[in-house]
Amino acid sequence: MKPWILGLTGGIGSGKSAAASHFASLGVHLVDADQAARWVVEPGRPALAHIVDRFGDQILQDSGQLDRAALRTRIFQVSEERQWLEQLLHPLIREEIRNVLDEARSPYAILVSPLLVESAAQREMARRVLVVDVPEQVQIQRTVQRDQVPEEQVRAILQAQASREERLRHAHDVLVNDRDLAWLQREVERLHEFYLTLKGGRPQ
């Protein structure tokens, strides 16, 4: 039987990656939409050539790899540029995600995506949604410390993502990640045991 798909999401700085990593350590097959987004813009892929045509060579690192920080700065300054990029990349990312999920052999598999709520196509892949939730100020503090970026840039990213309220409205399960890593891992293990009892993402 094909595994059912759990969508795991949360805003920037929420700790969704740490939660996903612990699920993976428990043997759950997962695909990260951010990783899929990196695959589709690797050198030699058509998407990267389109991006260079649009933004110029200054969007590349010396190695020929995409300079994601430079691109992020450009697209968050002009909403039309962000929309153009999303229209280019989202269909390619969906295809990559489906290919990886098709390889899953665990009882359920996880699609990790910061834009699960915003992307109807990604959300439709998931039978159940888990939101990793923290207060907005915690998101800002964590991201500024982790990425060494200005608070204004983090706030711009938050504005571009679904609101906390919107994410929670789509949640079947909520993991409040406002304590330490040990707490987060215990919550992941509790949820994992629960998910193993489900059939197709629903209680039996």
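For the stretch 87-140, a/c is not less than 1.5, where a ≥ b ≥ c are the root eigenvalues of the C-alpha gyration tensor, and a/b does not top b/c. That puts it in the oblate class. The figure for Ser163 is an accessible area of roughly 60 square angstrom, using a 1.4 Å probe on the protein chains alone.
Close amide H partners of Val174, meaning residues 5 or more places away or on another chain with modelled amide H under 5 Å apart, are Val131. If you sort the three axes of the alpha carbon gyration tensor as a ≥ b ≥ c, you get a/c of 1.5 or more for the stretch 133-204 and a/b no higher than b/c, which makes it oblate. Under 5 Å from the amide H of Trp4 lie the amide H atoms of Ala109, Gly200, each residue being 5 or more positions distant or on a separate chain, with H modelled from the backbone and absent for Pro and chain starts.
Please work out the average accessible area per residue across the stretch 102-187, using the 1.4 Å probe convention, and give it in Å².
On the way: 4650 Å² over 86 residues.
Normalised by residue count, the accessible surface of the stretch 102-187 is 54 Å².
Counting Lys +1, Arg +1, Asp -1, Glu -1, what net charge surrounds Gly56 among other residues with beta carbon under 14 Å of its beta carbon?
On the way: positive: Arg54, Arg74; negative: Asp53, Asp57, Asp67, Glu81.
Summing Lys and Arg as +1 and Asp and Glu as -1 gives -2.
Across the stretch 52-67, rounded Karplus estimates of 3J(HN,Hα) from the backbone phi angles (6.51 cos²θ - 1.76 cosθ + 1.60, θ = phi - 60°) give 5, 4, 7, 10, x, 5, 5, 8, 9, 7, 4, 6, x, 6, 5, 8 Hz, Gly and Pro being marked x.
For Arg38, neighbours were defined as the other residues whose beta-carbon sits under 11 Å from its Cβ, and their charges (Lys and Arg +1, Asp and Glu -1) total -2.
Roughly to the nearest percent, how much of the accessible area of the chain is carbon and sulfur, given a 1.4 Å probe? Before the final figure, lay out the partial values.
Details: 5160 of 10910 Å².
That fraction is 47 percent.
Each part gets one Cα centre, and for the stretch 111-131 versus the stretch 27-46 those centres are 16 Å apart.
The values are calculated or read from the model by the stated rules, or taken from the named source; none is laboratory data. Predicted model, so just to flag it, every value in this text is computed and none were measured. Virtual Cβ from ideal backbone geometry, glycine too; neighbours counted across all protein chains shown. Ligands, DNA and RNA are excluded from the accessible area calculation, which covers all protein heavy atoms including side chains. Shrake-Rupley method; radii C 1.70, N 1.55, O 1.52, S 1.80 Å.
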